[in-house]
Number of protein chains: 2
Amino acid sequence: MAVTRRPGADHCGIAAAMSVIDGKWKVSLLWELEQCPRRFGELRRLVPGVSEKVLAAQLRELETDGIVHREVYDEVPPRVEYSLTPLGQDLNAALEALGQWGAKHLLPDSA
Amino acid sequence: MAVTRRPGADHCGIAAAMSVIDGKWKVSLLWELEQCPRRFGELRRLVPGVSEKVLAAQLRELETDGIVHREVYDEVPPRVEYSLTPLGQDLNAALEALGQWGAKHLLPDSA
DNA sequence: CTGCTCGCTCACCTCGGGGTAACCACCCAC
DNA sequence: GTGGGTGGTTACCCCGAGGTGAGCGAGCAG
């Protein structure tokens, strides 16, 4: 989304948060990781439509933002597991509020 | 951002909400409207960098999504006021959680 | 020797969100 | 008659996020 981040503006916290979840698939990734640690190929399968390139890129971004942890197991075939950091869990909790709002007001009807 | 909305996925509420605030300036607009109703030119001045075209477009989108109310006063020179609907106020409240998280974890230090 | 899996990386291309600038109709002040 | 301020709309262009397809390096199955 590339949300505009105006330094000094009072809503900069929101803008900062938005910049972190900025990316077509990040909220989906966050959601899938909420359940449990996931492997790369597993995320690929769980989030249909994402390309490998973008999946790798957005996972890297989430990692450098301290949202997810990347654990590489030196095996063969190689194994990599992604999991939420405490920071990521906090973020997901904050997103919950947004999810509640969306589900309540936007969805056809709450099941 | 064009966040992916997978019907049936459990986080679709979040995706729905994201699609509503999807747009480079929408959270800024939401924030400015939080304070009080604003006129078009006023928003243009309050949100530096936004072009008239995009400001008009995103306000329209927020309007059709039921987030803002558009009131036209038949005067000369013409006057138009934008304000948050109750739905928009709820949305802003939900965004608050995200703002808290961002301010707490992302900003250099909370002033 | 070939192919398969896994987790990527690289080059190339597309597409649309957003920026830029011009224009509109209306009225007032100079 | 010229300029300014109101709230837009339209045409055109640009750039970067994201999609596509190929390749890679190790090891195991056949």
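Some points to look at:
One line per residue, one yes/no per condition, for (1) more than 17 Å from A:I21 (Cα to Cα); (2) aliphatic (A, V, I, L, M); (3) more than 11 Å from chain A (Cβ to nearest Cβ); (4) within 15 Å of DNA strand C (Cβ to nearest atom):
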| position | (1), (2), (3), (4) |
| --- | --- |
| B:F40 | yes, no, yes, yes |
| B:R44 | yes, no, yes, yes |
| B:P48 | yes, no, no, yes |
| B:L62 | yes, yes, yes, yes |
| B:T85 | yes, no, no, no |
| B:W101 | no, no, no, no |
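- Selection within the stretch A:58-76 - within 11 Å of DNA strand D (Cβ to nearest atom) and surrounded by 13 or more Cβ atoms within 10 Å (Cβ to Cβ): A:Q58, A:E61
- Test: residue in the stretch A:10-30 that is within 14 Å of DNA strand D (Cβ to nearest atom), surrounded by 13 or more Cβ atoms within 10 Å (Cβ to Cβ), at the interface with chain B (Cβ under 10 Å from one of its Cβ atoms) and among the polar types (S, T, N, Q): yes
- The residue that is surrounded by the fewest Cβ atoms within 10 Å (Cβ to Cβ), counting only those in the stretch B:33-53 that are outside any helix (DSSP H, G or I) and within 12 Å of DNA strand D (Cβ to nearest atom), is B:S51.
Rule-based calculations on the coordinates, nothing more; no lab input. The structure displayed is predicted, hence computed values, not measured ones. As a convention, Cβ positions derive from the backbone with ideal geometry for all residues, glycine included, and neighbour counts pool all protein chains shown.
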